[in-house]
1. Residues being touching a Gly at 6+ places or on another chain (Cβ under 8 Å) and among the β-branched types (V, I, T): count how many of those fall in region 563-587.
2. What are the pairs with Cβ atoms under 6 angstrom where one residue, in region 342-363, is exposed (fewer than 12 other Cβ atoms within 10 Å of the Cβ) and the other, located anywhere, is modelled with pLDDT under 90 and among the basic types (K, R)? Sequence gap at least six, or different chains.
3. What number of residues in region 454-479 are part of a loop (DSSP other than H, G, I, E, B) and over 22 Å from L510 (Cβ atoms)?
4. Condition (residue is of a type in the set (D, E), at pLDDT below 85 and not in a loop (DSSP other than H, G, I, E, B)) applied to region 320-327: is it met by at least one residue?
5. Quick one: F393 ticks every box in (1) out of contact with any helix residue (DSSP H, G or I) (no Cβ under 6 Å at 6 or more places or on another chain); (2) over 30 Å from S530 (Cα atoms) bar one, so which box is it?
6. For the structure I just gave you, tell me whether L502 is at pLDDT 85 or above and either more than 21 Å from V392 (Cα to Cα) or outside the structural domain of H462 (by TED's automatic domain parsing) (or both).
7. Is there a residue being assigned by TED's automatic domain parsing to the domain that holds I541, more than 25 Å from L495 (Cβ to Cβ) and part of a strand (DSSP E or B) anywhere in region 430-453?
8. Assess whether E339 counts as being outside any strand (DSSP E or B) and surrounded by fewer than 14 Cβ atoms within 10 Å (Cβ to Cβ).
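The values are calculated or read from the model by the stated rules, or taken from the named source; none is laboratory data. In this text, all values refer to a predicted model and were calculated from it rather than measured experimentally. Glycine gets a Cβ as well: all are built from the backbone with ideal geometry, and neighbour counts include every protein chain shown.
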Amino acid sequence: MKKPPIRSALASWWRLVGFVRPWRGQIALATLAGVVAALATAAWARLLGPLLEAVLKGGDITLLGVTFQPADLALKLPFAVVTMAVVKALSTWAHSGLMATVAQRGLAALRKALYDRVLSLPPSWFEKRHSGELLSRFTADVAQVEFAVGTSLSSWLKDTLQTLALLAVCASIDGRLFLLTFLVIPGMVLPVSRFAKSARKAATKGQASLGALTQLASEHLQALPIVQAYRTEPAALAAFDAEQGRYLEVMKRSLFIRGAFTPTTEFLGIVGVAVALVFGAKQVALEPALAGHLVSFLAAALLMYQPVKSLSGNFSQVLVGLGAAERLFELLDAVVEPERSEQVTALESLELDDVRFSYGDGREALSGVTFSVKAGEHVALVGASGAGKSTVFSLLLGFSSASAGTLSWNGADVKQRSRRSIRHHLAWVPQEPVLLSGTVRETLWLAKEGASDAELWTALEHAHATTFVKALPRGLDEPIGERGATLSGGQRQRLAIARAFLKAPSLLLLDEPTSALDAGTEQEVQAGLSELMTNRAVLVIAHRLATVRSADRIVVMEQGRVVEQGTWDTLMQANGSFARLVAHGLG
């Protein structure tokens, strides 16, 4: 059952508070500073009436148990007022600084938790979501939460304490006047609760709409060469304009709802002050001695204007932040398969026994796959597109889990072993190399962080990449751009091979990394691959005849099943599925 909006908002708020809980000491000091500032404000309001009365009428005045004579009005009282202002200023500064620091630390912890969760989610989770929408959560949503947390922890606490202190002053001056003036407060509960529900709902829709807009823009920019090549810029602009129109419609409603709250609370506050003036004026007419009390009461009531206005104005922004927080918590609550503690050693044998895998919609990608890879053995996976070869790699890399059957590493079910431990003994060189932006050195350090220059150059030499890296202006420290954009396809692939060399895996997974290269470049990359494959187990998705011929064993797949296994000669003699694939040039 869906939680009521108020309960949901409170739950989100409580979770956000959890990220700042480690800094309780600073929060306590900030609260103390806020209390001092509130008391200074209340004292100023309480003293204003008697001070004004003493200045106008003369005579002695007793304030807070201290009696002041007319001669003191020129020096001591102004000094007391200035001292009070200094205390308020310093305490307000301390409160704001401490709370702002706590808020930023809490947000840093939230960002870290979010990124940690993203890094632990399998690729299959991201396949169902658009990168632009996720980017919106990390940018726009986090920014909204940042404002909400910063405002709530600093302004809300300070303004609430100040409002309560001034209310106490009003109540101590005249109980009847207090009840009449603030009789409007209970009447504010219903409109505020209705406003909160509508504003939060509109804010959540606004964030979702902004995510859709970011998603569309990200998609068009990533595919910009295609957009331009097919001359679809007008259509792309029209789609963006339409999505932006939907976002503006959502935001228009949200802004109107949020904009109505502050004027409503201000109006009710003015009504209360007007009631105090009418009733107080009648009381002063009957008893002139009450004039000083009325001035103090009105001063306290008017001093409440700013904190109450701040509270009401920030309230709508906090609701927006809580709506954004719920979207972030959806990401934070994404289910991650727990990491096992049991480690594995270098590969001696890998066995798939009747392994099955189904997608979320029930479609079966693997239907009882059985084969093995021994230490030092080279096994080629062949088959038409969609046969299930890439799914086998996904299971080995721990990106997905088998629906049934057993995948064993050295005789132990991988589901009972640490994924990170298994990945430590794996190196994967995909068809399209994946390089992070940064330098050549940082790219290689993904395999072995902190590796020495000697180790890096040795890996580059084995990958036949030394010549082009030395030719770069900064050598190992040359930036390679986003996804290695400043390098050619062959250079990127050789860096990927050098990275695999540096990792020194016991099992190498290759997705025919030379299939997309021209003949000259392929020869250079293939030389590096041949060295990389020496003396280690290799499982390769093969698209070319040369790769298949050199394999110790060939596994033929069709529609998620293994239909043939054997050497080149035995499979060709069988004249079955493999022979037909060879006749068509394989993949």
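1. Total meeting the criteria: 1.
2. Pairs found: E342/R417.
3. 4
4. Yes, region 320-327 contains a residue that is of a type in the set (D, E), at pLDDT below 85 and not in a loop (DSSP other than H, G, I, E, B).
5. Evaluating F393 over (1) out of contact with any helix residue (DSSP H, G or I) (no Cβ under 6 Å at 6 or more places or on another chain); (2) over 30 Å from S530 (Cα atoms) leaves (2) as the failure.
6. The answer is yes for L502.
7. No: region 430-453 contains no residue that is assigned by TED's automatic domain parsing to the domain that holds I541, more than 25 Å from L495 (Cβ to Cβ) and part of a strand (DSSP E or B).
8. yes
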